[in-house]
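Note sheet for the following structure.
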Amino acid sequence: MTDHDTGTYATRAAALEPINESAEASARAHHDRLTKPRGSLGRLESLGIQLAAISGEDPPPIPTPAAVAVFAADHGVLAEGVTPWPQEVTAQMVANFVAGGAAINVLARQMGATVTVVDVGVATDLDALGIPDVPHLLRRRVRSGTDNLAAGAAMSIEHATAARDVGAAVATQLVEGGARALVTGDMGIGNTTASAAVIAVLTGQPAHKVTGRGTGIDDAMLARKTEVVAQAVARVPAGADAATVLAEVGGLEIAALAGFIVAGASHRVPVVVDGVIAGAGVLAAHADCPAVLPYVLAGHRSTEPGATAVLDHLGLEPVIDLGLRLGEGSGACLALGPLEAAARILREMATFESAGVSE
């Protein structure tokens, strides 16, 4: 079978199974036998238990090597003046990712992770920028950016579905290539506007509660951005399913992230999600496949208000909180260190019995 056959969103969603409660219980009991006071390693203990539940193994596998997938796409909502950055920056940053010069490249090198860049909807011709064909650049463009979500649907349901399929196929490809953890990344000028709209719809929060400054916009632009989000959200039918929400107010990279997250979970590997863009993707994934949630780890707490709205709505606790708001997968990549430590504690630390230490 081809990657498309085994990696489509629908196929991976159907393959998604509950976490392994037996391995979860075993890891919890295992922690109580290690040479330390019970609970003294705090969050590392609960992370290790979650990794065991995800993998179905106690002790869990070390979540390395990890693979970061940066999904890139453009947004027609730029026409509404929601950001001072021009659309061309999306493609320029794709070139930067490919060349290894972006923040996510630096952090991934530190963590021993790979970075794969996926053009799922960039509006600019990458060939015109001289971006080479390299294995870590996947050209999977569904369409050249979305339409203006303030004026109507951002894309068709067929395009949203195709973007989810791209994300699912990429996750399958990376896991089959040896990745033991997946990290969400994103790039797209205007994508915090689309993300805020998706988050508002799927959490029920008003636009002003989930719309932030993105790249650092001023008060006037924030007011316009919030107005655009409120207008777009009001158009979405009550009770709309995830595909409809993504088509109406989402982005191609957000839809791809939803597919990536569901497929990663279906392969029983931890999926470490980044900030507000990934948060919109997680909400869409969860709305369609609630069983995905135990496989998800919130890498960090972005300073974007929509990110906290997602964490609160889904009951996710971030691994780190460093005041980041860059995107690209930067915060999620930094969380790989604590996750590796959590797995190594269960794999390598002595028990009271094996060390001859009195409990």
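Values in this text are rule-based calculations from the coordinates and carry no lab data. Since the structure is predicted, the reported quantities are computational estimates derived from the model, not experimental observations. Neighbour counts are summed over all protein chains in view; Cβ atoms, including those assigned to glycine, are modelled from backbone coordinates with ideal geometry.
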Tally of residues being of a type in the set (A, V, I, L, M), over 25 Å from residue 79 (Cβ atoms) and surrounded by fewer than 18 Cβ atoms within 10 Å (Cβ to Cβ) across the range 113-137: 1
Counted residues, the range 249-307 - those being of a type in the set (Ser, Thr, Tyr), free of Cβ contacts under 8 Å to residues at least 40 places away in the same chain and outside any loop (DSSP other than H, G, I, E, B): 0
Members of the range 203-222 found to be part of a loop (DSSP other than H, G, I, E, B) and of a type in the set (Val, Ile, Thr), listed by number: 211, 215, 217
Matching residues in the range 261-297 - criterion: being closer than 12 Å to residue 242 by Cα, crowded, with 24+ Cβ neighbours inside 10 Å and not aliphatic (A, V, I, L, M): 281
Among residues of the range 111-148, those that are in contact (Cβ under 8 Å) with a residue 12 or more places away in the chain and not in a loop (DSSP other than H, G, I, E, B), counted: 14
Residue check for residue 113: touching a strand residue (DSSP E or B) at 6+ places or on another chain (Cβ under 7 Å), within 22 Å of residue 272 (Cα to Cα) and small (Gly, Ala, Ser): yes
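Is it the case, given these coordinates, that residue 154 is surrounded by 20 or more Cβ atoms within 10 Å (Cβ to Cβ) and in a loop (DSSP other than H, G, I, E, B)?
So residue 154 fits the description; yes.
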